[in-house]
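Data first, discussion second: the structure below is written as structure tokens.
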Amino acid sequence: MNKRSFKRGLKGFWWLTMAFMYLPLAVVMLFSFNAANSAAHFTGFSLRWYTKLLANQEIINAIGNTLVLAIVSSVIALVIGCLIGYGMYRHRHRKLGWLIILIYLPIVLPDIVFGISEMAFFVQIHQLTGFLKPGLGTMIIAHVTFEIPFVALIVYSRFVGLDPTLFEAAKDLYATPFKRVMHFMLPTIKPALISAFFLSFTLSVDDFVISFFTSGPESATLPIYIWSAIKKGISPEINAIATLMIGAVALAAIMSLLLSRRRAA
Amino acid sequence: MSTSDTRIPTRQRAVANAGGAAVSTRSRAMVMEARHLLFTVSPGAAWIIVFLVLPSVYLMAVAFMSNGPYGLPQMPLSVDSFKQLSGFGFLGWSPGNLYTLLRSLWQTFLSTVLVVIVAYPIAYYITTCREKWRPIMLLAVVVPSWTNQVIRTFGWMNLLAPNTPLSDLASTLGLISPNMGLYPSNFAVTLGLVYNFLPFMVLPLYAAFEKLDTAQVEAAQDLYASPLKAFWHAVFPQTLPGLLAGVVLVAIPAFGMYVIPELLGGGKGMMLGNLVATQFSGGSNWPLGAAGAILMLIATFIGLFAMRRIGKRLGGGEEVVI
């Protein structure tokens, strides 16, 4: 086998794999514009599923829940995770092994075990005390839990990358702790905070399993709505919502590419 | 905030020097430091302990309780759930749960192997392309996994349904009976798993290929190694840490997968995650579900531990640290 045909073979394999990766998404997008009710045949272009979608109050609620959940949980996780990240950096000379294990726990725990233990716990607490009724509140708690580690690790690695003398310089200039935080710490870790927020937001929107088990009857998010629509029998509306979500992701991908280009330039 | 006061090594030293004026500021600094540590770390640590460690401990306790009305756990303690998990029921022993466990292990193994087979050439191909294209190519691999898992699996349901080109092809070849879809089936689950986890293998492998020391490959070629031998002795060992990291990222979540077998597997494609979930959502038997969750945790930690050990033995351990 000569080198050239090997390279050509690899190229073919790459495009085949790309087709494999994008085919399911393409099918969903195609059928969202289908005029017919059938999911098997494409009969013509139409926007009827999109207009139906806008009239569906359940879907509007699901979009609202998804956004509230993602934003609120990311903000809480950002504050708590940022503190941990900084603490880990400042006190890294101490034996913080237990803390590292604790932080990795939400990452390595299988989704399903995570979701189910939270659900069982919340249900039991609710029965005993009346607090923590399954709903948006419990979902936010669960999402904050799996977002904290990512925020903490991103903030920590940003601090590690900084010149330690910067911290002393800030102190030597008689800045009060509050001023140090506002004028030195926050501005220097701003990029880390932004990427941590977006990562948390994406993780939250992307999550299904943990949301599914910690949700209540009125707190369905988009993935949960789609899931139950699939379970009830496939409606072409799902294709339309899914297409909107794919569109949002594609937009985010292009934006991240442009941002990284600009940073590189 | 200066690093000098963070470097007091032990408490003993401060105690030994007690009495001097300089030392009292030192020990005050230490108290401040401890307070600082408490202030920064405790909210997050407390959050994870209250909302993750405690629920997990509770779940473990549930596994050792007996099954009450509505599937809720109740006293007295028992190991019935573990007996049931291994297949003992009212009607004697049945292999159903054992099959589910074996299917989970097999599906995990098969899909991991297939993911490696696809990801390895892809990761290599990206490194052979021009540098300005590489980030875009990596992004192209990763972007599908940013869409929700439920949506991606739904896409495969559309593709594998009856009377679609793929199903028609399969029935023409005599692989399935006419007018049947390719899902629900074990095949569909494997496909879904490979699809889902491919990016998680490509990324660490790409990182390994990018760092590849080509001098070793050239040395092998100079010594008249055949391409296959050069690959096996000069390339493969260098990519092994990346490969292992990928295996951790693929195999562990695949073993606990819930969405894909539920949508693409049907009743006969159930995996451990589905067994666990039905015990809770159907309200049928919490202790049994909790016992299944413990089994999953044990498998997860064995997997993580084994990979760490192998990674350390290879000396390239830093990439496998999870």
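Bear in mind that the values in this text are calculations on the coordinates, not laboratory data. Treat the numbers as computed from the prediction; the structure is a model and nothing was measured. Note that we place each Cβ from the backbone using ideal geometry, even for glycine, and neighbour counts take in every protein chain shown.
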Legend entry - Inter-label distance, nm, simple model (7 Å from Cα along the C-beta direction), A:Glu58/A:His93: 6.0
Inset, instruction - Based on the mean of other Cβ atoms within 10 Å per residue, sort peptides B:214-225, B:77-88 so the most packed one is first. - result: B:77-88, B:214-225
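Once the other residues with Cβ under 14 Å from the Cβ of A:Ser204 are scored (Lys, Arg +1; Asp, Glu -1), what is the net sum?
-4
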Inset, instruction - Determine the sum of side-chain charges near B:Asn97: Lys and Arg each +1, Asp and Glu each -1, restricted to other residues whose C-beta is under 12 angstrom from that of B:Asn97. - result: +2
Legend entry - Net charge dipole size for the protein assembly as shown [Lys, Arg +1 and Asp, Glu -1 on Cβ; Debye, nearest 20]: 1340
Inset, instruction - With a/c under 1.5 counting as rounded, go ahead and sort the range A:139-224 into rounded, prolate or oblate using the C-alpha gyration tensor (a ≥ b ≥ c being the square roots of the eigenvalues; past the cut-off, prolate if a/b is larger than b/c, else oblate). - result: prolate
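Quote the FRET efficiency, to the nearest 0.05, computed for B:Arg134 versus B:Lys83 with a Förster distance R0 of 41 Å and r equal to the Cβ-Cβ distance.
On the way: r = 54 Å, r/R0 = 1.32.
With R0 = 41 Å, the Cβ-Cβ based efficiency is 0.15.
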Inset, instruction - Tell me the label-point distance for the pair A:Leu16, A:Asp163, using the 7 Å Cα-to-Cβ offset, in nm and rounded to one decimal. - result: 5.3
Legend entry - Spin-label zone in the range A:96-118 - amide nitrogen under 14 Å from a point set 7 Å from the Cα of B:Glu33 along the C-beta vector: A:96
Legend entry - Centre separation in Å (Cα based) which lies between the range A:104-170 and the range B:136-201: 33
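At a Förster radius of 25 Å, what calculated FRET efficiency corresponds to the Cβ-Cβ distance of B:Phe236 and A:Ala26, to the nearest 0.05? Before the final figure, lay out the partial values.
Working: r = 35 Å, r/R0 = 1.40.
Efficiency, rounded to the nearest 0.05: 0.10.
How big is D, in µm² s⁻¹, for the range A:49-264 by Stokes-Einstein at 20 °C and 1.002 mPa s if Rh is the Kirkwood radius over C-alpha pairs? Before the final figure, lay out each step's value.
Values: Rh = 19.5 Å.
The estimated diffusion coefficient comes to 110 µm²/s.
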Legend entry - Hypothetical label at B:Leu173: residues of the range B:187-214 whose amide nitrogen lies under 14 Å (7 Å Cα-Cβ projection): B:187-188, B:191
Legend entry - Viscosity 0.890 mPa s, 25 °C: Kirkwood-radius Stokes-Einstein D of the range B:33-88 over Cα pairs, µm²/s: 179
Inset, instruction - Take each of the peptides A:204-216, A:184-196, average the number of other beta-carbon atoms within 10 Å over its residues, and list them starting from the highest. - result: A:204-216, A:184-196
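Using 0.36 nm per residue of separation minus the Cα-Cα distance, give me the extension gain between A:Arg262 and A:Leu173 in nm, one decimal. Kindly include the intermediate steps, with their values, before the conclusion.
Numbers: separation 89, 0.36 × 89 = 32.04 nm, distance 3.35 nm.
Contour length minus Cα-Cα distance gives 28.7 nm.
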Legend entry - Under 12 Å from the A:Gln127 label point (7 Å along Cα→beta-carbon), backbone N, the range B:53-76: B:62, B:66-75
Legend entry - Shielding score for A:87-94, defined as the mean number of other chain Cβ atoms within 10 Å: 5
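With Kirkwood's inverse mean 1/r over C-alpha pairs for Rh, give me the Rg to Rh ratio of the protein assembly as shown, two decimals please.
Across the protein assembly as shown, the Cα-based Rg/Rh ratio is 1.00.
Take each of the peptides B:146-154, A:25-33, A:150-158, average the number of other beta-carbon atoms within 10 Å over its residues, and list them starting from the highest. Don't skip to the answer; put the middle values down first.
On the way: B:146-154: 23.8, A:25-33: 19.6, A:150-158: 21.9.
Top of the packing list down: B:146-154, A:150-158, A:25-33.
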Inset, instruction - Return the aspartates and glutamates within reach of A:Lys52: Cα separation strictly under 18 angstrom, same-chain partners fewer than 8 residues apart disregarded; answer none if there are no such residues. - result: A:Glu237
Legend entry - Given A:Lys95/A:Lys179; B:Lys132/B:Lys229; A:Lys231/B:Lys83; B:Lys211/B:Lys312; A:Lys133/A:Lys231; A:Lys7/B:Lys132, the pairs whose alpha carbons are separated by over 22 Å: A:Lys95/A:Lys179; B:Lys132/B:Lys229; A:Lys231/B:Lys83; A:Lys133/A:Lys231
Legend entry - Among B:Leu198, B:Leu288, B:Leu38: highest mean-square fluctuation, GNM of chain B, C-alpha pairs under 10 Å: B:Leu38
